[in-house]
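**Student:** Take a look at this one; I'll ask things after.
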Amino acid sequence: MLNSRQRAQLRAMANSYDTIVHIGKDGIKEQTIKQIVDALEKRELIKLRVLETAPYTSREAADIVSREASCDVVQVIGSRFIVYKESKNNKTIKLVK
């Protein structure tokens, strides 16, 4: 679980990141979760976007992704959200305590 200081640090880092996963009319399928888990293993922090055609709101999609990919939701704003999962093998982000 992230504290507010760690969330602020991750939000600042994510500002320069591009959105790498788009959730569309097909929703969140097993392949999407696999893509998210793989991306989190490499980068630890990713930005996702929920398209207008998706069957979920951004908050609903963030909750589903968080549960299925075992990651923390950092922020949900508009159609975008940011998730973080500490990588055991490829640690690239050092969070303040």
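**Student:** Across the stretch 38-73, what is the number of residues that are of a type outside the set (D, E, K, R), over 26 Å from Lys91 (Cα atoms) and surrounded by fewer than 18 Cβ atoms within 10 Å (Cβ to Cβ)?
**Tutor:** 5
**Student:** Looking at the structure I just gave you, is Ala8 within 14 Å of the chain's Cα centre (by Cα) and closer than 24 Å to Thr92 by Cα?
**Tutor:** On the way: within 14 Å of the chain's Cα centre (by Cα): no; closer than 24 Å to Thr92 by Cα: yes.
It is false that Ala8 is within 14 Å of the chain's Cα centre (by Cα) and closer than 24 Å to Thr92 by Cα.
**Student:** For the condition in contact (Cβ under 8 Å) with a residue 24 or more places away in the chain and in contact with a Cys (Cβ under 8 Å, 6 or more places away or on another chain), what is the one hit in Leu40, Leu95?
**Tutor:** Numbers: Leu95 fails: in contact with a Cys (Cβ under 8 Å, 6 or more places away or on another chain).
Answer to the check: Leu40.
**Student:** Now, a different point. Among the residues of the stretch 74-84 satisfying the criterion of being among the β-branched types (Val, Ile, Thr) and surrounded by 17 or more Cβ atoms within 10 Å (Cβ to Cβ), which is farthest from the chain's Cα centre (by Cα)?
**Tutor:** Going residue by residue through the stretch 74-84, those that are among the β-branched types (Val, Ile, Thr) are 74, 76-77, 82-83.
Filter again for surrounded by 17 or more Cβ atoms within 10 Å (Cβ to Cβ), leaving 74, 76, 82-83.
Working: Val74: 7, Val76: 9, Ile82: 4, Val83: 2 Å.
Looking at residues that are among the β-branched types (Val, Ile, Thr) and surrounded by 17 or more Cβ atoms within 10 Å (Cβ to Cβ), I get Val76.
**Student:** Looking only at the stretch 1-39, which residues are under 17 Å from Arg80 (Cα atoms) and in contact with a Phe, Trp or Tyr (Cβ under 8 Å, 6 or more places away or on another chain)?
**Tutor:** Leu10, Ile23, Gly27, Ile28 - these are the residues of the stretch 1-39 that are under 17 Å from Arg80 (Cα atoms) and in contact with a Phe, Trp or Tyr (Cβ under 8 Å, 6 or more places away or on another chain).
**Student:** Oh, and also: Quick check on the stretch 15-34: of everything there that is touching a strand residue (DSSP E or B) at 6+ places or on another chain (Cβ under 6 Å) and crowded, with 16+ Cβ neighbours inside 10 Å, which residue is nearest to Asp72 (Cα to Cα)?
**Tutor:** Among those residues, the one meeting the criterion is Val21.
**Student:** Answer yes or no: is there a residue in the stretch 64-72 that is without any contact (Cβ under 8 Å) to a residue 60 or more places away in the chain, within 18 Å of Ser4 (Cα to Cα) and not aromatic (Phe, Trp, Tyr). Break it down into steps so the answer makes sense when it comes.
**Tutor:** Start the filter on the stretch 64-72 by keeping residues that are without any contact (Cβ under 8 Å) to a residue 60 or more places away in the chain, which leaves 64-71.
Narrowing further to those that are within 18 Å of Ser4 (Cα to Cα): 66, 71.
If we keep only those that are not aromatic (Phe, Trp, Tyr) too, we end up with 66, 71.
So far as the stretch 64-72 goes, yes, one or more of its residues are without any contact (Cβ under 8 Å) to a residue 60 or more places away in the chain, within 18 Å of Ser4 (Cα to Cα) and not aromatic (Phe, Trp, Tyr).
Since every read-out is calculated from the coordinates, none of them should be taken as a lab result. Note that the coordinates shown come from a computational prediction; the quantities given were computed from them, not determined experimentally. In this analysis, Cβ positions are derived from the backbone assuming ideal geometry, glycine residues included, and neighbour counts consider all displayed protein chains.
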